[in-house]
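K.L.:
Got a structure for you, questions after.
The values are calculated or read from the model by the stated rules, or taken from the named source; none is laboratory data. Just so we're clear, the structure is a prediction, and the values are computed from it rather than from any experiment. When we count neighbours, we look across all protein chains shown, and the Cβ atoms used for this are built from the backbone with ideal geometry, even at glycine. For accessibility, only protein heavy atoms count, side chains too; no ligands or nucleic acids. Shrake-Rupley method; radii C 1.70, N 1.55, O 1.52, S 1.80 Å.
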Amino acid sequence: RPGNRPFHALAAALVPMLEPDITATGRLVEVRRMAEALSEGTIGLPEVLQLLGEKQPGIERILLLADQFEELYTLCPEEREQRAFQDSLFEAAFEGRGGPPLKLGLTLRADFMGHALAYRPFADAVQHHQVVLGPMNREELERAIAKPAELQGRAFESGLVERIIDDLGEKAGRLPLLEFALTKLWEQQRAGWLTHEAYEAIGRVEGAVARHADEVFEGLDPQEQDRARRVFVQLVQPGEGTEDTRRLATREELADDWDLVQRLADDRLVTTGQDADGRQTAEVVHEALIRSWGRLVGWMKDD
C-alpha cells in the first residue's frame, strides 16, 4: 500500500528480496537509503530490478501489486511525489533494462479513477489494461461467505448464509457491511461452528456496523469528532413523518471536510462516487448506520 510515503513503502517491499539475510536494523537503514535514492532519481526502479535479477538469477518475472492505490492521492500530500512515484512504476513496467520483467497491478477505488486519469502517463498506461469489478450476485456472495470458512475447517449453521445475504439486500456498499458482520461472527465461533445465536448476539449486519462506527469515531481526536458529526449530519435526509434516509452530498458541500470524508471511506463508514454530472459525491455506507448507530441518531435529534 502506498501510504503517505510511497517510495518508502516500495523500498520496504524490495529490500528483503535484495538482502534476504540482512538484520532488522540493517533493513531499516537500507529501506531509508533506497527510498531516498528512488525519490531523488539517483537510482531508478529498473536498475533495482536488474540488480535483483543478478542476485537471484532464477527469477523470471516480478509481480508488484499496489493495493489501495488511491492512498497515493489521499495520504501523500505532494503532487510532485505522486507523479514521480507513478513515473517510476510505469518506467519499470514498460521500459525494462535487462532485469526480470515487471508486471504491475494496481487496485483503485472507482471514485478515484477520474483523479488518476488526469495524469496523462497514468491514462496511457492503463488504456488497455483495465478490469472493472462490479457488485457480486447472490451465488458469488454465497461462495465468498462460505468458502473461506470451509477452508479453515469451520461451518455455518444451516440457513445462516442465506439469512446474512437476505439482511444485506441489494443496495450499494453492502460488502463493507458483510465484512463487519463476518469479522464479528468469526470472533464468536464455537467448536468450529458459526451460529444463528452468535449472529443475533453481534446485532446481525446492522449491529456490527454500528459497533464499528463507534470504534472509528472514538479513534478520532476531539476536533475531528466535531468535523465527523458535521459530515454525517449532512449525509442524512431528515424524515418528515418517515424514517431518516441517506442523502447524497457533493464534494463542494463537504469541501472543508473532504479529507475526513476520504478517511471515513477508507474506514468503510462512507462511500464515495460520482453523480451524472461527474461531481464527486459521498453518502453513508448504508441506511443501517442511520437507524442503528446511536451517536448519529442522537445527532439528528439534536440538530
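K.L.:
Looking for whichever is open to solvent by less than 50 Å² (accessible area, probe 1.4 Å) and closer than 20 Å to Asp266 by Cα here; the options are Arg227, Arg211. Which one fits?
P.N.:
So the residue among Arg227, Arg211 that is open to solvent by less than 50 Å² (accessible area, probe 1.4 Å) and closer than 20 Å to Asp266 by Cα is Arg227.
K.L.:
Then there's this: If you take the residues of the range 99-120 that are among the charged types (D, E, K, R) and modelled with pLDDT of 85 or more, which of them is surrounded by the fewest Cβ atoms within 10 Å (Cβ to Cβ)?
P.N.:
Of everything passing the filter in the range 99-120, Arg120 is surrounded by the fewest Cβ atoms within 10 Å (Cβ to Cβ).
K.L.:
On to the next question. Among the numbered criteria (1) of a type in the set (S, T, N, Q); (2) over 28 Å from the mean Cα position of the chain (by Cα); (3) in a loop (DSSP other than H, G, I, E, B), which one does Thr25 miss?
P.N.:
Result: Thr25 fails condition (3) only.
K.L.:
Which condition breaks for Ala208 when tested against (1) within 30 Å of Gly294 (Cβ to Cβ); (2) in contact (Cβ under 8 Å) with a residue 60 or more places away in the chain; (3) of a type in the set (A, V, I, L, M, F, W, C)?
P.N.:
(2)
K.L.:
Looking at Gln86, Gln56, Gln68, which one is within 20 Å of Leu14 (Cα to Cα) and within 18 Å of the chain's Cα centre (by Cα)? Steps first, answer last, please.
P.N.:
Working: Gln86 fails: within 18 Å of the chain's Cα centre (by Cα); Gln56 fails: within 18 Å of the chain's Cα centre (by Cα).
Checking each option against the conditions leaves just Gln68.
K.L.:
Quick one: which of Ala123, Ala92 is in contact with a helix residue (DSSP H, G or I) (Cβ under 7 Å, 6 or more places away or on another chain), loosely packed, with under 14 Cβ neighbours inside 10 Å, modelled with pLDDT of 90 or more and assigned to a helix (DSSP H, G or I)?
P.N.:
Working: Ala92 fails: loosely packed, with under 14 Cβ neighbours inside 10 Å.
The conditions single out Ala123.
K.L.:
As an exercise: evaluate Glu60 against (1) assigned to a helix (DSSP H, G or I); (2) of a type in the set (Asp, Glu); (3) surrounded by fewer than 16 Cβ atoms within 10 Å (Cβ to Cβ) and give the number of the one condition it does not meet.
P.N.:
Condition not satisfied by Glu60: (1).
Per-residue answers, yes or no, for (1) in contact with a Ser or Thr (Cβ under 6 Å, 6 or more places away or on another chain); (2) crowded, with 18+ Cβ neighbours inside 10 Å; (3) at pLDDT 85 or above:
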site: Ala255; (1), (2), (3): no, no, yes
site: Ala265; (1), (2), (3): yes, yes, yes
site: Val270; (1), (2), (3): no, yes, yes
site: Gln274; (1), (2), (3): no, no, no
site: Arg279; (1), (2), (3): yes, no, no
site: His286; (1), (2), (3): no, yes, no
site: Leu289; (1), (2), (3): no, yes, yes
site: Gly294; (1), (2), (3): no, no, yes
site: Asp302; (1), (2), (3): no, no, yes
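K.L.:
Out of the residues in the range 230-252 that are in contact with a strand residue (DSSP E or B) (Cβ under 9 Å, 6 or more places away or on another chain) and over 13 Å from Leu296 (Cα atoms), which is least open to solvent (accessible area, probe 1.4 Å)?
P.N.:
In this case the residue turns out to be Ala249.
K.L.:
Out of Arg120, Arg143, Arg109, Arg163, I need the residue that is of a type in the set (Lys, Arg), without any contact (Cβ under 8 Å) to a residue 12 or more places away in the chain and within 26 Å of Ala288 (Cα to Cα). Which one? Steps first, please.
P.N.:
Working: Arg120 fails: within 26 Å of Ala288 (Cα to Cα); Arg109 fails: without any contact (Cβ under 8 Å) to a residue 12 or more places away in the chain; Arg163 fails: without any contact (Cβ under 8 Å) to a residue 12 or more places away in the chain.
So the residue among Arg120, Arg143, Arg109, Arg163 that is of a type in the set (Lys, Arg), without any contact (Cβ under 8 Å) to a residue 12 or more places away in the chain and within 26 Å of Ala288 (Cα to Cα) is Arg143.
K.L.:
Of everything in the range 214-224, what is assigned to a helix (DSSP H, G or I) and either surrounded by 14 or more Cβ atoms within 10 Å (Cβ to Cβ) or in contact with a Lys or Arg (Cβ under 8 Å, 6 or more places away or on another chain) (or both)? Give them in sequence order.
P.N.:
Within the range 214-224, Asp214, Val216, Phe217, Glu224 meet the criteria.
K.L.:
Can you tell me which residue in the range 126-159 is surrounded by the fewest Cβ atoms within 10 Å (Cβ to Cβ), limited to those that are within 21 Å of the chain's Cα centre (by Cα) and either among the hydroxyl-bearing types (Ser, Thr, Tyr) or assigned to a helix (DSSP H, G or I) (or both)?
P.N.:
Among those residues, the one meeting the criterion is Glu140.
K.L.:
Right, something else. Quick check on Asp21: is it farther than 23 Å from Gln262 by Cβ and at pLDDT 90 or above?
P.N.:
no
K.L.:
Starting from the range 10-37, take each residue that is open to solvent by less than 50 Å² (accessible area, probe 1.4 Å) and list its partners that are acidic (Asp, Glu), counting only C-beta distances under 6 angstrom and pairs at least six apart or across chains.
P.N.:
Here the result reads Val15/Glu30, each pair linking the range 10-37 to a residue that is acidic (Asp, Glu).
K.L.:
Considering each residue of the range 24-74, count those that are out of contact with any helix residue (DSSP H, G or I) (no Cβ under 9 Å at 6 or more places or on another chain), aliphatic (A, V, I, L, M) and closer than 30 Å to Trp258 by Cβ, and give that number.
P.N.:
So the answer is 1.
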